[in-house]
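**Student:** Supplied in structure tokens, the structure appears directly below.
Just so it is clear, none of the values below were taken in a lab; they were calculated from the coordinates. Quick caveat, the model's predicted, so the values are computed rather than measured. A quick note on method: Cβ atoms are made from the backbone with ideal geometry, for glycine too, and the neighbour counts reach across all protein chains shown.
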């Protein structure tokens, strides 16, 4: 009789523990397997918007054309837009990356691991390079064709020490 009571109590305790554990939300994180981590692409463009989010903030940028004299356009005539996934907003703020420090119109260069499916989206790798503003014209100083913001005198790096 005593063994039956112990067995029943053990089973009831196990069921209660299972109910508690299964009701707690999983605090997991998604995999980065969707990004091609063997490939690093450098993009230079104009910030369209900064999307602050707790888990992964994003930049949406319009790419500069290869000659860096205008924005790139696709075959459909629309500006070529890329999304860049980064760390959470709180972590980015500690790195100096905020909506106000990277307002729309800011010219940046960023290295990414692109999505494996070829979509215009990627995960940031390393620092963000920000092109400086010309004091006289109040316009960004653009890099030469084939180069990026890290090559422009007066650029700033945020998020890491090297580009």
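**Student:** Using label points projected 7 Å from each Cα along Cα→Cβ, tell me how many nm separate residue 137 and residue 49, to one decimal.
**Tutor:** 2.9 nm
**Student:** For residue 116 and residue 65, what does the FRET efficiency come to when R0 = 22 Å and r is the distance between their Cβ atoms, rounded to the nearest 0.05?
**Tutor:** 0.25
**Student:** Rg(Cα) of the stretch 41-158 divided by 2.2 N^0.38 Å?
**Tutor:** 1.01
**Student:** Residue separation times 0.36 nm, minus the C-alpha to C-alpha distance between residue 38 and residue 76: what's the value?
**Tutor:** 10.7 nm
**Student:** Same structure again: At q = 0.20, 0.21, 0.27 Å⁻¹, what is the log10 ratio I(q)/I(0) for the stretch 71-127, with the Debye formula run over Cα points and no solvent?
**Tutor:** -0.90, -0.97, -1.24
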